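One structure is given here, and the rest of the page talks about it.
The values are calculated or read from the model by the stated rules, or taken from the named source; none is laboratory data. Just so it is clear, the model here is predicted, and its values are computed rather than measured. No Cβ is skipped: glycine too gets one built from the backbone with ideal geometry, and neighbour counts run over all protein chains shown.
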Amino acid sequence: MPEFVIERTMPGAGKLSPAELKAASQTSCAVLRDLGPDIQWVQSYVTDDKIYCIYRAPDPQLIRDHAQQAGFPADQVAAIRTVISPMTAE
């Protein structure tokens, strides 16, 4: 299934408490359950003012639907074309 990176502008995201992050995660998971098995949340990276999420979905519209239903921004949704790492240099 295609993977996407989602950029969410959320000022102060890096200062969210563990309880606030848990609540956001629970909201996301509840919407994912409602949307069905065609969309999966892989993981997210929280920075000072943004959250970058990795999702699997058949198309970017399903990711936008998830964001809208969960009440999260989805400023950018970009398809991941390939992954590189230090191992790529070998």
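Gln68 passes every criterion in (1) surrounded by 12 or more Cβ atoms within 10 Å (Cβ to Cβ); (2) touching a strand residue (DSSP E or B) at 6+ places or on another chain (Cβ under 9 Å); (3) of a type outside the set (Ser, Thr, Tyr) apart from (2). Which one is surrounded by the fewest Cβ atoms within 10 Å (Cβ to Cβ) among residues in the range 39-58 that are touching a strand residue (DSSP E or B) at 6+ places or on another chain (Cβ under 9 Å) and part of a loop (DSSP other than H, G, I, E, B)? Filtering the range 39-58 for residues that are touching a strand residue (DSSP E or B) at 6+ places or on another chain (Cβ under 9 Å) and part of a loop (DSSP other than H, G, I, E, B), the one surrounded by the fewest Cβ atoms within 10 Å (Cβ to Cβ) comes out as Asp49.
On the stretch given as the range 1-43, residues that are at pLDDT 95 or above and either in contact with a Leu (Cβ under 9 Å, 6 or more places away or on another chain) or hydrophobic (A, V, I, L, M, F, W, C) (or both) total 20.
The residue that is surrounded by the most Cβ atoms within 10 Å (Cβ to Cβ), counting only those in the range 11-38 that are within 23 Å of Ala78 (Cα to Cα) and hydroxyl-bearing (Ser, Thr, Tyr), is Ser28. The C-beta contact set for the range 52-68 (first residue closer than 13 Å to Met1 by Cα, second residue among the polar types (S, T, N, Q), distance under 7 angstrom, 6+ apart or interchain) comprises Ile54/Gln43; Tyr55/Gln40; Arg56/Gln40. Listed by first and then second residue, the pairs with beta-carbon distance under 7 Å, at least 6 apart or on different chains, first residue in the range 7-36 and without any contact (Cβ under 8 Å) to a residue 12 or more places away in the chain, second of a type in the set (D, E, K, R), form an empty list.
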